[in-house]
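The values are calculated or read from the model by the stated rules, or taken from the named source; none is laboratory data. Remember, it's a predicted structure, so these values are computed and weren't measured experimentally. Please note: Cβ atoms are built from the backbone with ideal geometry, for glycine as well, and neighbour counts cover all protein chains shown. These area figures cover heavy atoms from the full protein model, side chains too; ligands, DNA and RNA do not enter into them. Shrake-Rupley method; radii C 1.70, N 1.55, O 1.52, S 1.80 Å.
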Amino acid sequence: MSEPAAAPKPPKKGNRRAWVILAVWAFGVVVSLVVLLVWPYWMSAYDETHRRTISCSVSSTEVYAGSTVSRTGSGAPFSYVKVETRDCGVFILQGVRKSSQERVARDLSGGGTFQFSVGASSWWFRDELQVINRYPTAFEYK
C-alpha cells in the first residue's frame with residue numbers, strides 16, 4: 001500500500017496579519033497624502049470658479065502683508081485683510097493690493113453689513129478649516 005498524500009498546510013496567521021497591517025498602513029498614507037496635497041489645491045481651484053454671496057456684519061479687520069520665501073530664494077508676495085464678523089465668523093479677503101489694504105480695512109471696520117463673495121468649498125468646510133487655523137476665502141465685497 002502507498003502512503004496517503006499529506007494534507008496542504010493552512011497559511012500562517014502571522015503572514016496574513018502582516019499583510020492586513022501593511023494594507024491598512026498604505027491606505028492611511030494614501031489618504032493622508034490626498035488630504036494634505038490634493039485637497040487644498042482642489043479647494044482653491046473650486047473656490048475660483050464657484051462663489052457664494054453672504055451678508056455679514058463686520059466687527060473688526062486686520063491687515064496682513066508679506067512674502068513667501070523658499071530655500072532657493074524664490075517666493076511670492078501676499079497681502080490680504082482678515083475680516084471678523086458678528087454673524088459669519090472670520091474669513092480672509094484676498095486679492096487686495098498692498099497699496100489699498102489700509103483703505104479697505106478702514107471701509108470695512110467702520111461697521112455695517114456688507115456682502116462678500118466667498119469661495120463655496122472653503123465656506124462649506126469653514127469649521128474644519130478652523131481646526132488647522134485656516135479661514136474661508138472671500139474675493140470681493142460690496
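Data table
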item	result
Strands (runs of 3 or more DSSP E) enclosed by the range 50-104 - at least 2 residues per element that are modelled with pLDDT of 90 or more, surrounded by 11 or more Cβ atoms within 10 Å (Cβ to Cβ) and polar (S, T, N, Q)	51-67
Among residues of the range 83-95, those that are more than 16 Å from the chain's Cα centre (by Cα) and over 10 Å from C56 (Cβ atoms), counted	1
Number of the condition not met by G112 [criteria: (1) in contact with a helix residue (DSSP H, G or I) (Cβ under 7 Å, 6 or more places away or on another chain); (2) on the phi > 0 side of the Ramachandran plot]	(1)
Single match in S59, S55 (criterion: touching a helix residue (DSSP H, G or I) at 6+ places or on another chain (Cβ under 9 Å), among the hydroxyl-bearing types (S, T, Y), closer than 23 Å to T113 by Cβ and touching a residue at least 12 places away in the same chain (Cβ under 8 Å))	S59
Among (1) open to solvent by 80 Å² or more (accessible area, probe 1.4 Å); (2) polar (S, T, N, Q); (3) not in a loop (DSSP other than H, G, I, E, B) - the single one N133 does not satisfy	(3)
Residue list for the range 107-129, restricted to those being in contact (Cβ under 8 Å) with a residue 40 or more places away in the chain, in a helix (DSSP H, G or I) and open to solvent by 30 Å² or more (accessible area, probe 1.4 Å)	S109
Subset of the range 115-137 [touching a helix residue (DSSP H, G or I) at 6+ places or on another chain (Cβ under 9 Å) and closer than 17 Å to E84 by Cβ]	V118, S122, W123, L129, R134, Y135, P136, T137
